[in-house]
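Colleague: The structure under discussion is supplied below as structure tokens; questions concerning it will follow.
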Amino acid sequence: MTEEPPVADVTDADLTVGEPKDWAAGVPGVLHSMGPAIQQLGVARTLKLMTSLNQKGGFDCMSCAWPDPDHRKVAEFCENGGKAVVWEATPVLVPETFWAEHSVTDLAEKTEYWLGMQGRLTEPVWKPKGSDHYETVSWDRAFEIIADKLRSLSSPDEASFYTSGRTSNEAAFVYQLFVRAFGTNNLPDCSNMCHESTSLAMAETVGIGKSTIAYDDFEQTELIIVMGQNPGTNHPRMLTALEDAKKNGAEIVAVNPLPEAGLRRYKNPQKVRGVVGTGTQIADQFLQIRLGGDMALLQAVAKRVVLAEQAAPGTVVDHAFIAEHTSGYDAFVEHILQVDDDEVVRATGLTIDEIDELADRYLRSERTIITWAMGITQHTKAVDTIKEIINLLLLRGNIGRPGAGASPIRGHSNVQGDRTMGIWEQMPDSFLDALAAEFHFEPPREHGVDALKGIHAMRRGDIRFWMGMGGNLVAAISDSQLAEQAFRGTEMTVQVSTKLNRSHAVVGEEALILPTMGRTEIDVQASGPQFVSVEDTVCSVHGSHGQVPPVAPGLLSEVAIVCELAKATLGDRVAIDWQRMRDDYDVIRDHISHVVPGFDDYSRRAGSKEGFVLPNGPRDSRTFATATGKAMITVNELEHVDRPAGTLLLQTLRSHDQYNTTIYSLNDRYRGIKKGRHVVFVNPDDLAELGLEDGQHVDVTTVWDDDVERVLRDQRIVAYPSAKGCAAAYFPEANVLVPLDSAAKGSNTPVSKAVPVRLTPTAATRSA
Ligand SMILES: Nc1nc2c(c(=O)[nH]1)N[C@H]1C(S)=C(S)[C@@H](COP(=O)(O)OP(=O)(O)OC[C@H]3O[C@@H](n4cnc5c(=O)[nH]c(N)nc54)[C@H](O)[C@@H]3O)O[C@H]1N2
Ligand SMILES: Nc1nc2c(c(=O)[nH]1)N[C@H]1C(S)=C(S)[C@@H](COP(=O)(O)OP(=O)(O)OC[C@H]3O[C@@H](n4cnc5c(=O)[nH]c(N)nc54)[C@H](O)[C@@H]3O)O[C@H]1N2
Ligand SMILES: [Mo]
């Protein structure tokens, strides 16, 4: 059943660089996804999976949180969804002999690519204190070891419980319940590194940290502004929605330092025309902005809206909406008129004409949607930038009506649902009260640590135990060197995972890996086969039904792992019937329906083919649960990042063939990169100024005012049409460059998209 995993690790010796593509998807897209699938999975397993992926009654794709349209196509998935499914469902298994052959030290020398390629984890393993090897243990023994450790802590706050956003609603709910019953709110999650800035800015200004649109709003809109997002790679099915919007007459504007493939032209793989034609030109306007320049751009456009209103009073701003539903308008007008266009030009690198053109499009449009992702959220001023997105939309009443709204595009497929289920270190009292009433215990009220604060607490020795429900925090968090020291300084680390990654190699004194089933797999418990449910980026909740037998018999579901661990740790300290929840996930959903608003009759509605959409005040009724009871138009001081001479700003981003820290292959097709990841993309004019050349190898060093040396060595320079002064390199490798203390104000999200760096030729420069 298994295929040999690659034995040798990869180097960049064969790296080649070709022309970047200006189109996305099309025939190569589909072929690339299907080729490896058929090879590794076998035809029957592939067909079963691909025909049920994102279908009603099938399973939900784990690659991103993009929603499913009402009318599904036969193949309702994209190339990268295909890769994610293959990666998970592959019947290649880590053999039992692996643990004796590879020490933990040895695993720490391997790349993420190599680790992920070893296949699925099938048995619990334990690295005892003092040993450099994992050894297999029974599930009972594993739970006992962890429970003993947890009970030995002097306070529950010495433990931290991380979640990555693939975890289902059911697993997330029991997990946070266990953690709170144990006694802590230390529930950091991947969202802390992702859309936290969005959640904060939107909760403050519109009362809910989620998208204010529904899927069909894309069909009714007149203008979509896509900011700081690379949908061709990270949300490929969004390109179909953009293409459809264009067909209905919408204009599309892309704001990005890079000319990303899908934003330029798109060949829809679902259509014959897309296959043979030149594809749809997606963006009507491409604004090649400098890193971190978005706040200035948004303020400049808002200023133009206010000026247009002054020139023709009563015709531009939606006064009825402003009066009835918002607060803060007058102060905003006064402030925004002070915005200095020269500063805007410096911050954005755009021309006044380009900014005027965007303003004209916005003024012409009666229904506008703004979408965004990591290019906006991972900056020092991310929260204020998102507040400016909201300001701009509010001025013309673009929230709470068809075809208009604010739409953050979430990353992990259930990161939004996990939050709804209580995975947050700062859940409000209303949620904790409901939890207390439902389960008859008093949850802790003091806020816990987020991802960054958790790393600091580990470094101080305040957190001694760390558990991860999925994910790969040590690789995903900033400042790899310091983060690794933090993890190694703990007494025990536990990872619930499907495949090997760096968080299994950089561990505490003791470490455990608990292997789990993925979403593709049929999850049978005492009451029969179970389904789980997830929430997509536009707040639609639906069931996900596993389709193929688990790759190995000994795997437990995430729900089962949490329930068993809770029993072992808490005993009868709380009167919670973990066994009933494990046996029948309807029981979990019943509890959820009593605790979380909007989930009435949850099992039936999630189990139905259609699923259901959660209530959303701004979208449904223009009600805003904010401090003023209205949507808040806010005043934010313009700041932009200065770049000292001789330095560049570096963003860390995803290649086309990776899923966060999971590397599917070493290629980045749309950007012309093959067989390598150690590249740094630099604008040709910057190269000329710095006296560097394409093909040269450089060390990339962070310019930061502390005594830590942060260097990414031996990167091949790729001359690339990025905005001037703005370089790019791949995450997670480049995380070594992002300082731990460089975090977005308010949301504490690592500033992964604006690292000040210097490039110096590598001592022994390899030939290009
Ligand atoms: N195949 C695949 N799909 C994924 C993922 C994956 O790794 N692989 N990851 C998932 C996750 S968790 C997430 S959060 C999303 C991430 O989805 P994206 O946010 O699209 O991911 P990134 O690769 O970080 O790309 C950031 C984009 O923003 C642009 N950008 C960077 N800085 C700025 C800026 O200052 N201003 C503007 N306007 N643009 C900027 C970059 O050039 C790039 O196009 O994708 C999800 N989907
Ligand atoms: N420099 C830089 N750093 C970043 C970012 C960036 O743009 N630049 N992006 C940030 C963002 S947006 C995010 S979301 C984080 C991502 O951070 P994480 O969510 O922590 O990382 P992933 O790489 O998505 O986690 C992959 C691992 O999850 C496990 N896994 C996969 N499927 C399952 C499952 O079904 N169940 C369980 N239990 N485990 C599973 C596998 O073992 C796999 O190795 O990284 C952040 N870090
Ligand atoms: Mo993310």
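The values are calculated or read from the model by the stated rules, or taken from the named source; none is laboratory data. For clarity, every value in this text was computed on a predicted model and none was experimentally measured. Backbone-built Cβ (ideal geometry, glycine too); neighbour counts: all protein chains shown. Surface areas here come from the heavy atoms of the whole protein model, side chains and all, with no ligands, DNA or RNA. Shrake-Rupley method; radii C 1.70, N 1.55, O 1.52, S 1.80 Å.
Colleague: How do ASP157, ASP418 stack up against each other in accessible area, from largest to smallest, with a 1.4 angstrom probe?
Modeller: ASP157, ASP418
Colleague: How do THR652, THR16 stack up against each other in accessible area, from largest to smallest, with a 1.4 angstrom probe?
Modeller: Descending order: THR16, THR652.
Colleague: For the range 73-168, taking Cα atoms only, what is the radius of gyration to one decimal and the Dmax to the nearest whole Å?
Modeller: 17.5, 55
Colleague: Determine ³J(HN,Hα), in whole Hz, for all residues of the range 288-299 in sequence, where each value follows from phi through the Karplus function 6.51 cos²θ - 1.76 cosθ + 1.60 and θ = phi - 60°; x replaces Gly and Pro.
Modeller: Per-residue couplings from phi come out as 7, 7, 6, 3, x, x, 5, 4, 5, 4, 5, 5 Hz.
Colleague: Quick one: how many Å² of SER155 are accessible to a 1.4 Å probe, rounded to 10?
Modeller: Taking all protein chains as shown, SER155 has close to 40 Å².
Colleague: Before rounding to the nearest 500, sum -39500 (n - 2.57) across all DSSP H runs of length at least 4 in the chain and divide by the residue total; then give [θ] at 222 nm in deg cm²/dmol.
Modeller: -10000 deg cm²/dmol
Colleague: With the calculation restricted to Cα positions, what are the radius of gyration and Dmax of the chain in angstrom?
Modeller: Looking at the chain, its Cα Rg and Dmax stand at 25.0, 77 Å.
Colleague: Quote the relative contact order of the chain in percent (integer), defining contacts as alpha-carbon pairs under 8 Å separated by 6+ residues.
Modeller: Reported as a whole number, the value is 21 percent.
Colleague: Calculate one ³J(HN,Hα) per residue across the range 654-669 by plugging θ = phi - 60° into the Karplus curve 6.51 cos²θ - 1.76 cosθ + 1.60, and present them in order as whole Hz with x for glycine and proline.
Modeller: Rounded to whole hertz, the list is 9, 7, 6, 10, 9, 10, 6, 7, 8, 9, 7, 7, 8, 9, 9, 3.
Colleague: Given 4 °C and 1.567 mPa s, how large is the Stokes-Einstein diffusion coefficient of the range 473-536 in µm²/s, with Rh as the Kirkwood radius over Cα pairs?
Modeller: Values: Rh = 13.9 Å.
Estimated via Stokes-Einstein, D reaches 93 µm²/s.
Colleague: Now for a separate question. Evaluate the relative contact order of the range 378-509 (contact order divided by residue number), counting alpha-carbon pairs under 8 angstrom at least 6 apart; express in whole percent.
Modeller: About 16 percent, as a whole number.
Colleague: Hey, another quick one. Probe of 1.4 angstrom, ligands and nucleic acids ignored: what's the accessible area per residue over the range 53-129, in square angstrom?
Modeller: 33 Å²
Colleague: With every protein chain kept in place and ligands, DNA and RNA left out, what is the accessible area per residue of the range 629-768? Probe 1.4 Å, answer in Å².
Modeller: That works out to 37 Å² for each residue.
Colleague: Still on this structure, please answer the following. On the full set of protein chains, 1.4 Å probe, figure out the accessible area of THR701 and give it in Å² to the nearest 10.
Modeller: 40 Å²
Colleague: Tell me the accessible surface of ASP360 in square angstrom (1.4 angstrom probe, heavy atoms of protein chains only), to the nearest ten.
Modeller: Ignoring ligands and nucleic acids, ASP360 comes out at about 80 Å².
Colleague: Which percent of Cα pairs goes in each bin when the distances of the range 311-364 are cut into 10 angstrom slices starting at zero?
Modeller: The percentages, shortest bin first, are 19, 41, 34, 7.
Colleague: If you average 1/r over every pair of different alpha-carbon atoms in the range 86-238 and take one over that average, what Kirkwood value in Å do you get?
Modeller: Result for the range 86-238, one decimal place: 20.1 Å.
Colleague: What span do the alpha-carbon atoms of the range 548-696 cover on each of the three principal axes, reported in whole Å from largest to smallest?
Modeller: Computed over the Cα atoms, the extents are 68, 53, 38 Å.
Colleague: Using a 1.4 Å probe on the protein heavy atoms, what percent of the accessible area of the chain belongs to carbon and sulfur?
Modeller: Answer for the chain: carbon and sulfur cover 51 percent of the accessible area.
Colleague: Here's something else I'd like to know. Could you estimate the translational diffusion coefficient of the range 642-768 from the Stokes-Einstein equation, with Rh from the Kirkwood formula over C-alpha pairs, at 20 °C and 1.002 mPa s, in whole µm²/s?
Modeller: Value of D from the Cα-based Kirkwood radius: 144 µm²/s.
Colleague: What number comes out for accessible area per residue over the range 458-526 if the probe is 1.4 Å? Units Å², please.
Modeller: Working: 1650 Å² over 69 residues.
That works out to 24 Å² per residue.
Colleague: DSSP beta bridges in the chain, what fraction antiparallel, as a percent rounded to 5?
Modeller: If we restrict to bridges inside the chain, about 40 percent are antiparallel.
Colleague: Separate question: Can you check what the net charge comes to around PRO515, using other residues whose Cβ is under 10 Å from the Cβ of PRO515 (Lys, Arg +1; Asp, Glu -1)?
Modeller: So the surrounding residues net to +1.
Colleague: Using DSSP to define loop residues, name the GluC sites (Glu not before Pro) in the range 311-376 whose beta-carbon has at most 15 other beta-carbon atoms within 10 Å. Intermediate values should be presented prior to the final figure.
Modeller: On the way: sites: GLU324, GLU334, GLU343, GLU354, GLU357, GLU366; in loops: GLU366.
Of the GluC sites (Glu not before Pro), the ones in loops of the range 311-376 whose Cβ has at most 15 other Cβ atoms within 10 Å are GLU366.
Colleague: A further question on this structure: Evaluate the distance, in nm, between pseudo-label points positioned 7 Å from the Cα of LYS129 and of THR111 along their respective Cα→Cβ axes.
Modeller: For the pair LYS129/THR111, the computed spacing is 3.7 nm.
Colleague: Using the structure shown, list the pairs from LYS381/LYS724; LYS210/LYS381; LYS83/LYS246 with a Cα-Cα distance above 22 Å, or answer none.
Modeller: With Cα atoms farther than 22 Å apart: LYS83/LYS246.
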